[in-house]
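This report refers to the structure that appears directly beneath it.
Nothing in this text is a laboratory measurement; each read-out follows from the coordinates by a stated rule. The model shown is predicted, which means the values in this text are computed figures rather than measured ones. When we count neighbours, we look across all protein chains shown, and the Cβ atoms used for this are built from the backbone with ideal geometry, even at glycine.
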Amino acid sequence: MLILSVSFVADLVFLEILPRFKIQDFVFILAFLLPWRVIRVVNSLVVAVQTHEHFRLKLLYSRKKKTQNSLREAEVKLQLFRAQCCALKHLCLPVVTCIYLCAGPMLRPEIPVSTCSYLYLPVCRPNAAP
């Protein structure tokens with residue numbers, strides 16, 4: 001912004017003053033103004049690139065925030081699922097053990113004892129005789 005305002009003021013001043021100079025001085029001033037114009041163009045390119053990269057950083061930051069929120073939600077769900085699995089294991093193990101102790105010989109061999117498929121069978125008392 002500084003370069004733009006300084007160059008605008010310089011252009012206005014030189015428009016009024018340049019016609020009063022001799023040719024040698026006029027060429028010297030133009031030789032000074034040419035690099036100044038190049039600096040202006042380069043500055044405008046730098047500002048455009050900075051603006052574009054700033055916009056990209058904002059997008060990247062918002063994606064990062066969304067990803068972090070999704071990760072946080074997934075971790076909460078994972079903890080919930082682990083707690084549910086743990087609760088189910090604690091529910092299934094006594095039932096399966098009890099069924100195996102009470103009705104072991106009567107169990108069908110194709111169904112493994114470690115599954116909870118016998119959860120709906122009548123559960124015997126732990127001290128019941130087979």
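Which ³J(HN,Hα) values in Hz, rounded to whole numbers, follow from the phi angles of the range 31-46 under the Karplus curve 6.51 cos²θ - 1.76 cosθ + 1.60, where θ = phi - 60° and Gly and Pro get x?
5, 6, 6, 4, x, 4, 5, 5, 4, 4, 5, 4, 4, 5, 5, 4
Within straight cross-link reach of K64, meaning Cα distance under 28 Å, which lysines are found once same-chain residues fewer than 8 apart are removed?
Filter leaves K77.
Using the 10 angstrom Cβ neighbour count as an exposure proxy, how do F55, F14 rank, fewest first?
Ascending Cβ contact count within 10 Å gives the list F55, F14.
Pop out the ³J(HN,Hα) list for the range 66-80 in order, Karplus 6.51 cos²θ - 1.76 cosθ + 1.60 with θ = phi - 60°, rounded to Hz; leave Gly and Pro as x.
Rounded to whole hertz, the list is 5, 5, 5, 5, 5, 4, 4, 5, 5, 5, 5, 5, 4, 5, 5.
Could I have the simple spin-label model distance between V13 and V38, label points 7 Å from Cα toward Cβ, reported in nm to one decimal?
Inter-label distance under the simple model: 2.2 nm.
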